[in-house]
Structures are given as structure tokens and as C-alpha cells.
Amino acid sequence: MNQKITPSTALLLTIAPLMWAGNAIVGRSVNGLVPPITLNFFRWSIAALILLPFATWIFRRNSALWTHWRRFSLLGLLGVGLYNSLQYLALKTSSPINVTLVAASMPVWMLMIGSLFFGVRVSFKQSIGAVMSIAGVLLVLSRGELRQLLALRLVPGDILMILAAIVWSFYSWLLTLPKDPVEIKSNWIAFMLAQVAFGAVWSGAFAAAEWSIGAQDIAWGWPLIAALVFVAIGPAIIALRCWGIGVQRVGPTIAGFFSNLTPLFAALMSSAFLGEVPHLYHAFAFALIVGGIVVSSRR
């Protein structure tokens with residue numbers, strides 16, 4: 001594996017967090033137009049329809065998809081259905097800056113879950129890095145005020161995003177298990193479609209539950225249509241593809257540093273499009289989270 005970061009690789013690994021930050025901004029901006037879980041269902045249904053013509057063969061009767069349907073169903077539940085639904089729900093009560101900063105602690109959750117459930121040893125440096133990153137998350141949750149932290153006054157969206165990070169961590173570890181059929185995993189479109197198809201089904205079930213308890217009406221119009229097209233193509237397809245190529249070139253450790261550009265982009269976009277000005281504690285939190293991940297990743 002080539003460890004040198006070329007300009008093209010750096011661009012690919014920058015496009016992904018830029019798209020993910022845009023997803024948080026768009027998810028926040030369409031809160032009044034569509035229910036959050038329904039938004040997630042629309043997003044992945046459109047993504048599945050876009051991918052379908054390029055990998056229709058995976059749905060044939062003799063395809064390995066049906067032999068491994070339980071695994072792809074679980075991956076779709078965690079990576080598509082639950083994670084993204086929790087993120088859009090979080091954006092109803094938390095800002096895109098806070099959501100992406102809390103999500104930046106995800107490598108720490110991956111360390112903890114890897115140790116507890118997958119038998120991966122955590123080193124001393126990784127423990128120090130985890131403490132730093134968690135401190136950054138606590139700084140976000142407290143809004144920079146110690147009294148809020150002591151009073152445990154948490155915004156519901158922050159807690160939902162922590163749950164989302166834990167879900168994504170389980171999803172990421174499951175991806176490392178050598179259980180996927182070669183003919184599907186060797187084709188990135190087929191591998192993505194296998195998860196997205198099941199994920200869209202899970203998202204549809206969650207959206208049905210959302211409507212059964214009284215969801216808001218959908219305000220159809222060009223703003224919502226444009227938002228759906230963006231979140232289905234940009235953060236769902238383009239970002240995952242760019243990220244996959246970048247990880248293949250330089251490895252997940254180096255690529256992981258780029259993922260923490262997401263809160264920086266979210267802060268800039270929030271200021272430009274939503275009028276949500278970043279605070280000084282956001283900068284300190286970002287520095288702690290990134291610093292913790294750098295320490296954790298050092299050999």
C-alpha cells in the first residue's frame with residue numbers, strides 16, 4: 001500500500017468530509033419540509049435507484065446476495081437505516097457544528113468497541129488519545145460551560161449523535177470480518193447496492209413507524225427535491241466512493257485524519273448558509289478531538 005499522499009488522493013479524501021458536512025447542513029435546513037426518518041428513506045431509495053442499473057445482477061436468483069442476506073441486512077440496518085436516521089433526528093435539536101464534532105469522536109468508539117466486542121487490544125497511547133477526544137466531545141456537549149456539564153443538561157440531538165457514532169462503529173468493525181462473497185465485494189457498486197437495498201427497506205420500515213405516530217406533512221417543492229438529489233448523490237454515493245479509493249491508497253489510519261475535516265467544513269457552511277456562528281469552544285473541542293485521534297493512531 002502506498003503511504004504517500006499525492007494531490008489527487010488528498011483531493012479525494014477532502015471531497016468525502018466536504019460532502020458529509022454538506023449532508024449535515026442540508027439535513028438541518030430541510031427540517032421543516034420533511035420528517036427526518038422519511039428524509040433518510042427518500043435519500044437511500046434514490047441512491048439505490050441510481051446504483052441499480054450498474055449492478056442489477058446481484059438480485060438474480062443464484063446471486064451470492066441471497067446466501068449472505070443476513071449479513072447484508074445487518075450492514076444495511078446499521079450503516080444505512082439506523083446511523084443516518086439518528087443523524088437526521090439529531091439535527092432537529094442540535095446544530096450541524098455540534099453534530100459533526102460529536103461524530104468526530106467516532107474513532108474513539110471504534111477503539112472501545114473493538115476492544116470489548118472484537119478482542120482488539122488497546123494500547124496506552126490509544127487510551128490517552130481516547131481521553132483527549134472524549135474531553136472534546138464533553139466540551140461540545142457542555143457548550144463550553146462547566147456548569148452545564150455538571151448539571152448534565154444535554155441536548156437530545158447530542159445524545160442521538162453519540163448513539164449514531166456507536167452504531168457506525170459496530171458497522172465499521174463488521175466490515176472487517178471476512179464474510180462477504182468475493183464477486184460482490186470486488187465490485188464497489190455491487191457491494192454498496194447490496195447494503196443500500198436492505199438499508200432502504202429498513203429505512204422504509206422506520207419511516208412507516210414515524211408516520212404511524214404522527215409525522216409532519218411533506219412540503220414538496222424544488223428546495224426539497226434539490227436537497228434529496230444532493231444527499232442521495234453527494235454524501236451517499238460520491239463521498240463513499242472517494243473515501244474508498246483514498247483508504248485503498250493510503251490506509252485507514254492516514255485517511256482517518258481527513259474525516260475530521262467534517263466539523264471544520266460544517267462550521268464554515270453553517271456560518272455561510274444558516275447564520276450559525278461558530279464559538280471559541282468549538283475550536284478547542286475540534287483541537288482536542290483531532291489531537292486525540294492523532295495520538296491514538298501513532299504506532
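The values are calculated or read from the model by the stated rules, or taken from the named source; none is laboratory data. Everything quoted here is computed from the prediction, not taken from an experiment. Cβ coordinates were reconstructed from backbone atoms using ideal geometry, including for glycine residues, and neighbour counts include every protein chain displayed.
The C-beta contact set for the stretch 65-86 (first residue under 15 Å from Pro178 (Cα atoms) and crowded, with 21+ Cβ neighbours inside 10 Å, second residue modelled with pLDDT under 95 and not hydrophobic (A, V, I, L, M, F, W, C), distance under 7 angstrom, 6+ apart or interchain) comprises Phe72/Gln195; Leu75/Tyr171; Leu75/Gln195. When you check Leu12 against the structure, is it within 24 Å of Asp180 (Cβ to Cβ), of a type in the set (A, V, I, L, M) and either out of contact with any helix residue (DSSP H, G or I) (no Cβ under 7 Å at 6 or more places or on another chain) or assigned to a helix (DSSP H, G or I) (or both), yes or no? Spelling it out, Leu12 is indeed within 24 Å of Asp180 (Cβ to Cβ), of a type in the set (A, V, I, L, M) and either out of contact with any helix residue (DSSP H, G or I) (no Cβ under 7 Å at 6 or more places or on another chain) or assigned to a helix (DSSP H, G or I) (or both).
Just one of the listed residues (Ile15, Ile50, Ile25) is surrounded by fewer than 21 Cβ atoms within 10 Å (Cβ to Cβ), under 18 Å from Met269 (Cβ atoms), among the β-branched types (Val, Ile, Thr) and under 23 Å from the mean Cα position of the chain (by Cα), namely Ile15.
Scanning for something touching a Ser or Thr at 6+ places or on another chain (Cβ under 6 Å) and assigned to a helix (DSSP H, G or I), does the stretch 55-74 turn up at least one residue? Within the stretch 55-74 (the criterion being touching a Ser or Thr at 6+ places or on another chain (Cβ under 6 Å) and assigned to a helix (DSSP H, G or I)), the answer is no, since none of the residues qualifies. Per the listing Ile184, Ile237, the residue uniquely of a type in the set (Val, Ile, Thr) and more than 21 Å from Leu82 (Cβ to Cβ) is Ile184. Within the set Gly204, Gly199, the sole residue that is within 17 Å of the chain's Cα centre (by Cα) and either surrounded by fewer than 16 Cβ atoms within 10 Å (Cβ to Cβ) or in contact (Cβ under 8 Å) with a residue 24 or more places away in the chain (or both) turns out to be Gly199.
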